[in-house]
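Here's the structure, in structure tokens; my notes come after.
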Number of protein chains: 6
Amino acid sequence: MRASGRQPDQLRPVTITRDYTRHAEGSVLVEFGDTRVLCTASVEAGVPRWLKGKGEGWITAEYGMLPRATHTRNGREASRGKQGGRTLEIQRLIGRSLRAMIDLKKLGENTITIDCDVLQADGGTRTAAITGSAVALVDALTWMLNQKMIKNDPLTGLVAAISVGIVKGEPLLDLEYTEDSACDTDMNVVMTQHGGIIEIQGTAEGKPFSREETAALLDLAEKGVRELVAAQQQALNW
Amino acid sequence: MRASGRQPDQLRPVTITRDYTRHAEGSVLVEFGDTRVLCTASVEAGVPRWLKGKGEGWITAEYGMLPRATHTRNGREASRGKQGGRTLEIQRLIGRSLRAMIDLKKLGENTITIDCDVLQADGGTRTAAITGSAVALVDALTWMLNQKMIKNDPLTGLVAAISVGIVKGEPLLDLEYTEDSACDTDMNVVMTQHGGIIEIQGTAEGKPFSREETAALLDLAEKGVRELVAAQQQALNW
Amino acid sequence: MRASGRQPDQLRPVTITRDYTRHAEGSVLVEFGDTRVLCTASVEAGVPRWLKGKGEGWITAEYGMLPRATHTRNGREASRGKQGGRTLEIQRLIGRSLRAMIDLKKLGENTITIDCDVLQADGGTRTAAITGSAVALVDALTWMLNQKMIKNDPLTGLVAAISVGIVKGEPLLDLEYTEDSACDTDMNVVMTQHGGIIEIQGTAEGKPFSREETAALLDLAEKGVRELVAAQQQALNW
Amino acid sequence: MRASGRQPDQLRPVTITRDYTRHAEGSVLVEFGDTRVLCTASVEAGVPRWLKGKGEGWITAEYGMLPRATHTRNGREASRGKQGGRTLEIQRLIGRSLRAMIDLKKLGENTITIDCDVLQADGGTRTAAITGSAVALVDALTWMLNQKMIKNDPLTGLVAAISVGIVKGEPLLDLEYTEDSACDTDMNVVMTQHGGIIEIQGTAEGKPFSREETAALLDLAEKGVRELVAAQQQALNW
Amino acid sequence: MRASGRQPDQLRPVTITRDYTRHAEGSVLVEFGDTRVLCTASVEAGVPRWLKGKGEGWITAEYGMLPRATHTRNGREASRGKQGGRTLEIQRLIGRSLRAMIDLKKLGENTITIDCDVLQADGGTRTAAITGSAVALVDALTWMLNQKMIKNDPLTGLVAAISVGIVKGEPLLDLEYTEDSACDTDMNVVMTQHGGIIEIQGTAEGKPFSREETAALLDLAEKGVRELVAAQQQALNW
Amino acid sequence: MRASGRQPDQLRPVTITRDYTRHAEGSVLVEFGDTRVLCTASVEAGVPRWLKGKGEGWITAEYGMLPRATHTRNGREASRGKQGGRTLEIQRLIGRSLRAMIDLKKLGENTITIDCDVLQADGGTRTAAITGSAVALVDALTWMLNQKMIKNDPLTGLVAAISVGIVKGEPLLDLEYTEDSACDTDMNVVMTQHGGIIEIQGTAEGKPFSREETAALLDLAEKGVRELVAAQQQALNW
């Protein structure tokens, strides 16, 4: 039994609140238990210089943690003058994952910037960020269709992400902070609503893991993503 | 009559929510109408190098806006690699204002860092930040007393802050964004709960202002601060 | 009696030397007692990107202190790799103050950059910088008129600035360094030659100040600015 | 048949040259076909501040590409003033992978810094870097044993890494640049000499991939790593 | 007799290997004894903004040392976030020296960027870099002529560079690291193949040097450069 | 005849004003014609970390140009966030030159920082900076002796510096800006008061120069330095 009373294959309570702030074209507060991430999608006409003239759009993401989202305060990246390696790694992952939801040709020469800001952290911030941003992105596309910035919906389907890991020899779904700190293997999996894999990032924190453990973790991840996609669809009233 | 239906000397609805996030020693969400700022107070033993050995503590503040807190997206300061002049100016003001609430000798060689992060902006973010942070700071001091990090309460009283301005010739209290953009004169005033002035920053955006207008603005500010202090006291159950 | 033998409402000796260096379109050395600031105004055709095509000009300012302008050496901002918060705050103030002297429409799409470099500091560097730069700006406008870069004089009047403060309970005009370090309240006031207020920045360094003290300080500031404007006019042979 | 004439499960020719430069405690030039990476291991007494007093050592890695290692010149990160996200991501991966080879307790309070500099790039630079650095690390440990900086060998076994991917529907081992650019799925796998998995990073560049494809890619990777470990052992004369 | 057994006027063995890497238009590994520098020349159409429209080309250079090219590891400039003064000084020298080989008019509006990366250092890295880059530059010009990017060869002749110095009162040619560290005077001389001087940089590290010593050092440098030019010509099969 | 009416071997009028500002231990305004540089010497107890415990002192220098010291405004290095290559090169030269005046052992573990700030530029700023700083350094040493921070005078003699160059085939002493821009060869020479050479930096801007021209330039430099040393001695009342 896990500290939180969850079963090994059980997600934390998931809440997806749309229109959480009012200026962004898509704005979602996503909660995986005590992890809370504000995801906004901002639409701008035009694309980065290297994409100009190709008739395609672009989706990019930035990630940040408020300094006191965590147990002890982390220095503010803006005042330190640069984003750390972990931040860059996560925002590159979010961007790649969301681009997999979209036909960039149909987006036209427009850019959507996703901002994921962690208000409170308890493990799984990157997977919550992807899951919440997917909904914010859908809202931004709807806004573009309503504004007639685009004619055809570029959406090819939802994506969601979840962490899995091996703690004391047992594969667990959706690690919270205390589990994440104690795990031997930590894996983040991004999948489409149709079950295709977008990204696997698995790391042995302690001892190496086996092919069998890999399979068990991916089984758990598939179950988790199915449930997350259901939560996204419910939030979107689909 | 103002666009929002307010009287010239009327504040927007003020909400102060304590314990908004769970890790910080003080955590307050403050709302002045649609302006929403998350203020956390983080306690750390020790002081900056230049203060060591003097037996005094330190209060410092950092301020940030989420990129899409505003109507159009602003570049993230962490990815641009530096904090802008406006940010530095505001966080210096917040720090000075909060230090005026505290007897630093009684704080001992401890540091409290205030983080003010704007989730949604509609004018008056710096005054909301000071007003909310004052409550977060009180909670952090209570935590320190409970933890026996300090023996005597360093609090000397509350501070609160409000903006006032002259729009189309009329002095108004608590400017929202559309008023702030259109004003001739913009003034931020920080005061103690006893009516003493901590800071006045008044700027002619359009034409110069007079001594009489200065007095009218300070009258409005006094009224606003009295009401904000009442809201702080209610939130603190005093 | 003040350390320098001055009356409470007495300025330090003010010297304004035009054409102090030879390349800039306006170049003024301003001295408030031992405070010496070199203010240059540089004219360039064109405006920043965000102003292009609006038919308006721009005035901006930068401020710096030579490392040994002060009692002990301060690190050079260029070698530390960024300008500090105090520097940014001051140069923003100088820019706002000087823009209040000018009809930016009449300036056409031209930019004037003001550089204020403190050669020697003894309190009041920002107010000296504004007062001296106003004269350098007039010289630059005259140069533009002579060069036929502009047809009509954009000048709407002079501005000048002075510090006032409360030291041991007494309101004083034009604080020098030792007074500035010891004061309870410090206020910088920028006014037009016609007595309109452009900016008030008042800060309680020690205990809060009252409405009555605010009025007394503004009375002193008005007197000081009147005398500074007279010094500017004399330097300009008006 | 692949452009290079290789079979789908065939590595490029692998060369591991020890003592490639003379100052470092370990210095290896590793070549995977036309990809050439210089890997040095530098030993220093002491550990980073956050590890002090714990009786453990540290392994860290830095990665860089010479500006013209690639088809077109990339700006030098030193002159741009920061390392890009891709660089940080890769050097974090290298560090994690090499720490999995070592019992940090047995390393004592010493630090080994791995530098991986790509002299020529043709796909797979990060996997070549890990494979070559593992050998440089062994040489550095031998040096430490000889110098009597440590008593017991901290080595727990070799690690090696290889890329696999799906190109036009076919799983391939050890992608070269033209294959990497055209692939649908790209996966980097780090394993120990005993077949345990240290890291899996798989990304869908085009369409999502399936569980079956994941298994086929991991099969290829296992074969590749076995051969790389053999090459490492041969280079080490084991 | 020198530690290496060389005569005072004897160069270390010089090796110039062309086509050392395969992507650059010119790629040379130059070795002066144990000093090894990889020099690449990269051709790009277009010139920096300040040169546009003048019908001239540009040659620029960047210099770097791999962190463990030296006896003890130096921090990587990319991760420190800036190039040091020594690096900037050297790359400015390399650029100036190579521009002296070229008629920039004949280069058309094209840019050649020289990258000099020190793989192993044993004194004289800047002079080796200039000598090797000169050959890489010739190869890049040949490539441009073959590609018909330019019609006429912009080459006006070769340049080469050598260090000379006074160690224990004796003038020596081509200092290696141990001599460089012990010398009283250190001089780098860049000359054309026709014996004209492009640059002299002589520094007294210990005691001042005389006009006679200057002459003796320049005599040695002339001899060294003659031999280096012969090595360049041989490498180029001239 | 030169534009300024000077003979080829004639210096511009040289003025050395001591005690130009009041806080620094040494403060000199040096003028070479229209070139004006403020040189201050700041004494601090202690040495940089890498020198600690060796019983030696340190002399270091920083150089800056006010943005409008030149014909057209240059961006302020502090706001650009880094010092340019030219700045770093010059301040390294100034530091090396001044260290040649001093027995660092006798300085004890103290640091003197020289700041050279160009108020107005007309060619030769680095040579004026060295010449003026030498006098400021003497004043700082005298201050240290008076304060009994040191017992024995560390001064070993004065240094001075001058530029020479070849303009239209003619060797000239002390180039002013228009000559500097037009010259074929530009050389800066630093010498001791006893005629020893500290530094030679000669660069062919146009065509290469010969050994004979080198000798002619050094003859001119010797004459110039002799006269500068006389001016230093007169300023010091020696």
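Regarding the stretch F:74-90, can at least one residue be identified that is on the phi > 0 side of the Ramachandran plot and within 14 Å of another protein chain (Cβ to nearest Cβ)? Among the residues of the stretch F:74-90, at least one is on the phi > 0 side of the Ramachandran plot and within 14 Å of another protein chain (Cβ to nearest Cβ), which makes the answer yes. For residue F:87, the test of being touching a strand residue (DSSP E or B) at 6+ places or on another chain (Cβ under 7 Å), surrounded by fewer than 22 Cβ atoms within 10 Å (Cβ to Cβ), modelled with pLDDT of 95 or more and assigned to a helix (DSSP H, G or I) is passed. Taking the criterion of being touching a Phe, Trp or Tyr at 6+ places or on another chain (Cβ under 9 Å) and in a helix (DSSP H, G or I), the only residue of the stretch E:96-106 that qualifies is E:99.
Considering every residue within the stretch A:155-170, establish whether at least one is more than 16 Å from the chain's Cα centre (by Cα), among the small types (Gly, Ala, Ser) and surrounded by 18 or more Cβ atoms within 10 Å (Cβ to Cβ). Spell out how you get there, then give the answer.
Here is the first cut: in the stretch A:155-170, the ones more than 16 Å from the chain's Cα centre (by Cα) are A:155-156, A:165-170.
Checking the rest, the ones that are also among the small types (Gly, Ala, Ser) come to A:165, A:169.
Going one step further and asking which of them are surrounded by 18 or more Cβ atoms within 10 Å (Cβ to Cβ), we end up with A:165.
So far as the stretch A:155-170 goes, yes, one or more of its residues are more than 16 Å from the chain's Cα centre (by Cα), among the small types (Gly, Ala, Ser) and surrounded by 18 or more Cβ atoms within 10 Å (Cβ to Cβ).
In this structure, is residue D:28 within 23 Å of residue E:65 (Cβ to Cβ), touching a Cys at 6+ places or on another chain (Cβ under 7 Å), of a type in the set (Val, Ile, Thr) and away from chain A (no Cβ under 14 Å)? Taking the combined requirement at face value, the residue satisfies it. Filtering the stretch E:122-136 for residues that are over 14 Å from the mean Cα position of the chain (by Cα) and closer than 23 Å to residue E:180 by Cβ leaves a non-empty set. Condition check for residue B:69 on (1) over 28 Å from residue B:228 (Cα atoms); (2) touching a His at 6+ places or on another chain (Cβ under 8 Å); (3) aliphatic (A, V, I, L, M): one failure, at (1). Only strands (runs of 3 or more DSSP E) whose full extent lies in the stretch C:127-238 are considered here, and the ones with at least 2 residues that are free of Cβ contacts under 8 Å to residues at least 24 places away in the same chain and within 14 Å of chain B (Cβ to nearest Cβ) are C:197-204.
Every residue in the stretch B:50-73 that is assigned to a strand (DSSP E or B) and either facing chain A (nearest Cβ under 7 Å) or without any contact (Cβ under 8 Å) to a residue 24 or more places away in the chain (or both), please. Give the steps one after another, and end with the answer.
Initially, the stretch B:50-73 is screened for residues assigned to a strand (DSSP E or B), giving B:58-65.
Result: B:62, B:64.
Check whether at least one residue in the stretch C:2-14 is within 20 Å of the chain's Cα centre (by Cα), crowded, with 19+ Cβ neighbours inside 10 Å, charged (D, E, K, R) and at pLDDT 95 or above, and report yes or no. Within the stretch C:2-14, one or more residues are within 20 Å of the chain's Cα centre (by Cα), crowded, with 19+ Cβ neighbours inside 10 Å, charged (D, E, K, R) and at pLDDT 95 or above.
Quick check: anything in the stretch E:34-42 aliphatic (A, V, I, L, M), under 15 Å from the mean Cα position of the chain (by Cα) and surrounded by fewer than 24 Cβ atoms within 10 Å (Cβ to Cβ)? Give the steps one after another, and end with the answer.
If we filter the stretch E:34-42 for residues that are aliphatic (A, V, I, L, M), which is where we start, we get E:37-38, E:41.
Pick out the ones that are also under 15 Å from the mean Cα position of the chain (by Cα) and you get E:37-38, E:41.
Then keep just the ones that are surrounded by fewer than 24 Cβ atoms within 10 Å (Cβ to Cβ); that gives none.
Checked the stretch E:34-42: no residue is aliphatic (A, V, I, L, M), under 15 Å from the mean Cα position of the chain (by Cα) and surrounded by fewer than 24 Cβ atoms within 10 Å (Cβ to Cβ).
Just one of the listed residues (A:68, A:49, A:73) is out of contact with any Asp or Glu (no Cβ under 9 Å at 6 or more places or on another chain) and closer than 30 Å to residue F:81 by Cα, and it is A:49. All conditions in (1) of a type outside the set (A, V, I, L, M); (2) in a helix (DSSP H, G or I); (3) buried (at least 18 other Cβ atoms within 10 Å of the Cβ) hold for residue C:79, with the sole exception of (3). Condition check for residue B:209 on (1) crowded, with 20+ Cβ neighbours inside 10 Å; (2) modelled with pLDDT under 95: one failure, at (2). Considered as a group, the residues in the stretch C:103-126 that are of a type in the set (A, V, I, L, M, F, W, C) and within 13 Å of another protein chain (Cβ to nearest Cβ) include one that is surrounded by the fewest Cβ atoms within 10 Å (Cβ to Cβ), and that residue is C:104.
For the stretch A:107-126, which residues satisfy the criterion of being out of contact with any Ser or Thr (no Cβ under 9 Å at 6 or more places or on another chain) and not in a strand (DSSP E or B)?
Our first condition is that a residue be out of contact with any Ser or Thr (no Cβ under 9 Å at 6 or more places or on another chain); within the stretch A:107-126, this holds for A:107-110.
Within the stretch A:107-126, A:107, A:108, A:109 meet the criteria.
The values are calculated or read from the model by the stated rules, or taken from the named source; none is laboratory data. Since the model is a prediction, treat every value here as computed from it, not as a measurement. Glycine gets a Cβ as well: all are built from the backbone with ideal geometry, and neighbour counts include every protein chain shown.
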